[in-house]
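Structure, as structure tokens:
The values are calculated or read from the model by the stated rules, or taken from the named source; none is laboratory data. As the structure is a prediction and not an experimental result, all values here were calculated from the model. Note: ideal-geometry Cβ built from the backbone for every residue, glycine included; neighbour counts use all protein chains shown. Calculation scope for accessible area: heavy atoms of the full protein, side chains included, ligands and nucleic acids excluded. Shrake-Rupley method; radii C 1.70, N 1.55, O 1.52, S 1.80 Å.
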Amino acid sequence: MRFLCQIYTSVDVDGRLTPNEMNHLIGEHFVFDEGLRRDGTLIVSDALELRNKSIVIRPNGDTFSITDGPFVETKEYLAGFYLIDAPDLDSATDIAKRIPSARYGAIEIRPVRILTLRGDLAEEG
């Protein structure tokens with residue numbers, strides 16, 4: 001079963017880590033990633049650009065409004081993710097607790113839904 005482990009960081013953490021601490025954290029992620037790759041758990045992982053380089057689009061009638069993002073009424077933002085393959089939520093939770101950035105923010109674990117078209121809907125379309 002696939003799980004998306006979303007890494008959330010607080011804006012208050014930005015700038016708190018020294019460059020050496022940040023390099024150490026990144027190194028920890030590389031080691032963690034390699035371990036997940038070796039045991040066949042890791043599908044993909046990546047860090048996201050800093051929040052000042054993103055936008056949010058929302059429907060606004062027939063058009064869309066575009067605002068600087070990624071803020072959705074919170075001081076936390078999505079900083080990175082892991083897409084993993086684990087037998088169940090408990091196993092995914094055990095893996096997510098070991099994500100190095102978990103020490104600095106929150107990790108949301110969400111099962112991935114594999115969408116398919118039912119045969120009767122596919123034939124109608």
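Computed quantities for the displayed model
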| item | result |
| --- | --- |
| Filter result (touching a Gly at 6+ places or on another chain (Cβ under 7 Å) and β-branched (V, I, T)) within segment 1-46 | I7, T9, V13 |
| Members of segment 72-118 that are closer than 22 Å to R38 by Cα, over 12 Å from the mean Cα position of the chain (by Cα) and either modelled with pLDDT under 90 or open to solvent by less than 30 Å² (accessible area, probe 1.4 Å) (or both) | A86, A92, I95, P100 |
| Among residues of segment 1-32, those that are without any contact (Cβ under 8 Å) to a residue 40 or more places away in the chain and of a type outside the set (A, V, I, L, M), counted | 11 |
| Test: residue in segment 57-67 that is surrounded by 15 or more Cβ atoms within 10 Å (Cβ to Cβ) and either aromatic (F, W, Y) or closer than 27 Å to L115 by Cβ (or both) | no |
| Qualifying positions in segment 5-56 - assigned to a strand (DSSP E or B) and aliphatic (A, V, I, L, M) | I7, L42, I43, V44, A47, I55, V56 |
